[in-house]
Amino acid sequence: MTVVVAAFVLAPISAGHAADGRAIVLNGSASGAQHCESCHGLTGQGIPANGYPRLAGLDADYLVHQLNSFADGSRASSMMSPVAKGLSPEDRRAVADYYARQSPPQVTDQAADSPEAATRGRALATVGMGAKGLPACNQCHGPNGEGVGDAFPRLAGQS
Ligand code: HEC
Ligand code: HEC
């Protein structure tokens, strides 16, 4: 009985707020956000050379949280703050769902700056640095940096 009532009440609300994530990525939002595609790509691959991050396959709730943070100023970015402010809450949810559905890239061994850097990076990721009280990155970001839930983002394959 409860389920029937809930569905009846919720259906018209969600229909009224339907935003098309793919359309926002391609064309921007009605309230003036720039189209995401020019920086993050249609499939969320990003542009590493420009410092535009990959969004493909990141958790949808994580993405919404970042957009909210850019909009309220708790995460500072002169590029993303005006974009996030131009997205309604429904728009943010729609683009987040869209990018979360895209496949994350295959992680291949990328050339490190030096063998020393590769060794140090691996140690930080898997062991941390006890002397500075720094836990292993993977304790929060997952065994292979694949992310955990909606709070700890995937780092594997990020530029
Ligand atoms: C002009 C380029 C540009 C455009 C257009 C742009 N972004 Fe970004 N975006 C960036 C940059 C640069 C960053 C990294 C900001 C930082 O260094 O904190 C970023 C970061 C993000 C992040 C945080 C990713 C993470 O892993 O924490 C999200 C989410 C995001 N953008 C979503 C969007 C969405 C959605 C749109 C379209 C409505 C969009 N962006 C349009 C440049 C852009
Ligand atoms: C105690 C848990 C914890 C540990 C340990 C940790 N992180 Fe994080 N990290 C987080 C959380 C939570 C976020 C997301 C913050 C937010 O929502 O703004 C994050 C975000 C990041 C981001 C931004 C990713 C993006 O998509 O924008 C990077 C890069 C990152 N961490 C790298 C590291 C590295 C490198 C280490 C190890 C030296 C590390 N983290 C250790 C919890 C942790």
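The values are calculated or read from the model by the stated rules, or taken from the named source; none is laboratory data. Not measured: the values here are computed from a predicted model. Every residue, glycine as well, gets a Cβ built from its backbone with ideal geometry; the counts of neighbours run over all protein chains shown.
For beta carbons closer than 7 Å, sequence separation of 6+ or different chains, a first residue in the range 51-62 that is over 10 Å from TYR99 (Cβ atoms) and in a loop (DSSP other than H, G, I, E, B) and a second that is polar (S, T, N, Q) and more than 10 Å from ligand 1 (Cβ to nearest atom), the qualifying pairs are PRO53/SER159.
A single entry from LEU63, LEU155, LEU55 fulfils the requirement of being in contact with a Cys (Cβ under 9 Å, 6 or more places away or on another chain), assigned by TED's automatic domain parsing to the domain that holds GLY32, within 11 Å of ligand 2 (Cβ to nearest atom) and not β-branched (Val, Ile, Thr): LEU55.
Taking interchain pairs and intrachain pairs at least six residues apart, which have beta carbon atoms under 8 angstrom, with the first residue in the range 137-159 and part of a loop (DSSP other than H, G, I, E, B) and the second more than 8 Å from ligand 2 (Cβ to nearest atom) and among the acidic types (Asp, Glu)? Between residues of the range 137-159 that are part of a loop (DSSP other than H, G, I, E, B) and residues that are more than 8 Å from ligand 2 (Cβ to nearest atom) and among the acidic types (Asp, Glu), the close pairs are GLY147/ASP59; GLY149/ASP59; ASP150/ASP59; ASP150/ASP61; PRO153/ASP59; ARG154/ASP59; ARG154/GLU146; ALA156/GLU146. Within the range 74-94, residues that are in a helix (DSSP H, G or I) sit with their Cβ atoms under 6 Å from residues that are modelled with pLDDT of 95 or more and aromatic (Phe, Trp, Tyr), at 6+ positions apart or across chains, in these pairs: MET80/PHE70; SER81/PHE70; ALA84/PHE70.
Scanning the range 30-50 for residues that are part of a helix (DSSP H, G or I) and among the aliphatic types (A, V, I, L, M) gives a single hit, ALA49. Considering only the range 146-155, state which residues are within 13 Å of ligand 1 (Cβ to nearest atom) and surrounded by fewer than 18 Cβ atoms within 10 Å (Cβ to Cβ). Passing the criteria: ASP150, ALA151, LEU155. Count of the range 13-45 residues, restricted to those that are touching a strand residue (DSSP E or B) at 6+ places or on another chain (Cβ under 8 Å) and modelled with pLDDT under 95, is 0.
When you check SER103 against the structure, is it within 15 Å of the chain's Cα centre (by Cα) and loosely packed, with under 13 Cβ neighbours inside 10 Å, yes or no? Yes.
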